[in-house]
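Take a look at the structure below.
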Amino acid sequence: MAEIAAGEAPAPPPPAPSTSGEISGGQPASNPASTGSINPPSRTTKPGVKRLVLTASVLLSFLLGLPFLLKSTEIHRSPLPSDAITALAHRLHSNPPSFPCGLHAVFLRSGSGPSDASLASRLERAISAQLQLLPAPSTAGNVSVSVTVESADGCSSSSSSVGSRWQCGVVTTADLVLGDEVFDELLHSALGSSGGDGSMVYTFVVVEIDDAEEMRVVIGKHRHAWLVGKVDEAKAVSCIGKVFVKYFMNGGIEEGEKGIGKGEFMPVGSDGNVALSFSLLNADPSGWVYDWEFEKIVERMLDPVIEALRPIAKINVESQVLYHTPKSSYSYADDKLGGNVLSMGDIPFFVNSNEWHLDTSISATGRSKVLQFVVYVPSAKECPLYLQLPDGGISKTNAFISPMWGGVLIWNPPDCSPGSRKTHGTRKKMSSQELMETIEIFIGQLRQLFGLKPSYRSQDMDMSTKFVVSEKGFTEWELDLLYRHHACSNLLSCLTTLESLSSLVRSLPRMIVMDEIGRQVELSLEAANLAQRNATLGISDSSAVSATRARALAEDAFFHPSIMSISYASIEHYFAIYMPFFAPVSLHVLLAAIKELKRYKAERAKYSAFLASRAASS
């Protein structure tokens, strides 16, 4: 039965059919089978729109609320500079960072001899050709060579210049009698440490002495080396090239050796922080107990090391004394040595992680790296304890290192020595001399952990070679090497982290990306670009600082706490959450609106038919 809008008159009922099959009035009844359709009842009044408006308003309220729903449930995503990350990757892969530097060779002649500019230019070409024949590290850039020849007849230099501050007559052959350390400082005060453009300049001085018994090479603690003796030009050129490439560029690491640039990792945390934890372990306090005054020695011996490594790591130092810390490995008695021996095969089991509670650092937070340096005091029963080398000899330092972990020193107290008076059960302190010797060994281990050699005493260059030791534990040319490799390593690590973050954000459309993350990525890219610019200028320390900051910012962005949120759901999961709430109601409202629209059209059609029939009858 059709519905009627409010206020409309009801249509009169149709007349009842008669028994004879005719309708009153003499009209024959129509046959539905013959006509094929039934005419709908007519409508004499215009249909109202009140119900249609009410239904449409409900539907419209749902449609207007949809943007507010989407806005309230949208994920905030700060835009990441993906194009800048791609550009950085292209630059680093197509043109890896390299550090140009200068090599200035000075020939000091005690007597008279040729010193014209043509000789200096010829020596410059010979040195440049020698450098081309030697393998250069990946971090070495263009090397600018210049030569100065100084004799009693005059002083001349080659046409090229690498920013050297050499002044003729400031340093003479007579200064050698002052000693190698003094001569090194004299060269450093006369030359400085860098060129006018900030790039590093290395100086090699050839001191020609006719009455010298032998030739010897001295490599200073700054960026200088010198050759003393009666030497011809060919030998001097060969020696200059070997010293420059082997030591100043490669740190004395031979082909096939492990070390910096040879697959070793820097023991520095991703945030640029390192904690040096020094522990004194008393294996059995029932025999003896040793303590130390570590704070007094830190300022004297470790502060210069910390300051030297500041461009690549922020170092914090802490110390502790532990008791009842037996080792895990076993030693055996050796009557010839008069003590107990620990073989190299037992070293991997020496550290007792169950009894040695070393990881108590309070300065190592976040992604900082902790390097453990342990002084192990053996018990009275197994003292003295010696470390046996693979060749059967005894280690001179009685210490070993564990890469990326730290080092261990087995310290035998004076009471262990034969003929000493055993005083068990007493508390003693390590003397200042013993503590200084211990710290010197640990500095050598720290050098090894950073990929350098603990010392260069066993190396030579087919002649007597001496190395001037720095009180910092690292010479300036070694620090240059660390800065260069650390800058390159951190730049590549920064790029890897940024690419991983960008890929992660693209793969998770529902991932939250805070504005702070986007800002950290931008700052990381700025620091990386600055490190690259400093590398092209040869400023290794500034490049290392910028590269460290770039990596730290990239790691901070990747490990931001908001990234660990659990709301990274797909769009299917998004609909699965909200569909049970809105789908049933929305569907009923939509169906009601469609039904009401159809009803209105039907009533409108009836009214239009009524108007048409009335117009036709009139």
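The values are calculated or read from the model by the stated rules, or taken from the named source; none is laboratory data. Note that this is a predicted model, so its numbers are computed, not measured. Cβ: placed from backbone, ideal geometry, glycine included. Neighbour counts: every protein chain shown. The area values use the complete protein model at the heavy-atom level, side chains included, leaving out ligands, DNA and RNA. Shrake-Rupley method; radii C 1.70, N 1.55, O 1.52, S 1.80 Å.
Could you order peptides 350-358, 122-130 by the average number of other Cβ atoms within 10 Å of their residues, highest first?
Highest to lowest by the protection proxy: 122-130, 350-358.
List, in the order given, every pair from Lys296/Lys428; Lys314/Lys466; Lys336/Lys453; Lys242/Lys453 whose Cα-Cα distance in the structure shown is over 21 Å.
Flagged as over cut-off: Lys314/Lys466; Lys336/Lys453.
Please work out the ratio of the alpha-carbon Rg of the range 464-618 to 2.2 N^0.38 Å and round it to two decimals.
Compared with the compact-globule rule of thumb, the range 464-618 sits at 2.31.
Please give the net charge around Ser82, taking every other residue with its beta carbon less than 11 angstrom from that of Ser82, where Lys and Arg add +1 and Asp and Glu add -1.
-1
For a quick check of understanding: with a 1.4 angstrom probe and all protein chains in place, what accessible area in square angstrom does Ile394 have, to the nearest ten?
The accessible area comes out at roughly 60 Å².
If the chain between Phe349 and Arg533 were fully stretched, how many nm would it gain, using 0.36 nm times the residue separation less the Cα-Cα distance?
61.6 nm
What is the packing order of peptides 485-493, 336-344, 435-443, taking the mean over residues of other C-beta atoms within 10 Å and listing the highest first?
By packing density, highest mean first, the sequence is 485-493, 435-443, 336-344.
Given all pairs of different Cα atoms, what value in angstroms does the Kirkwood hydrodynamic radius of the range 69-109 take?
About 15.6 Å for the range 69-109.
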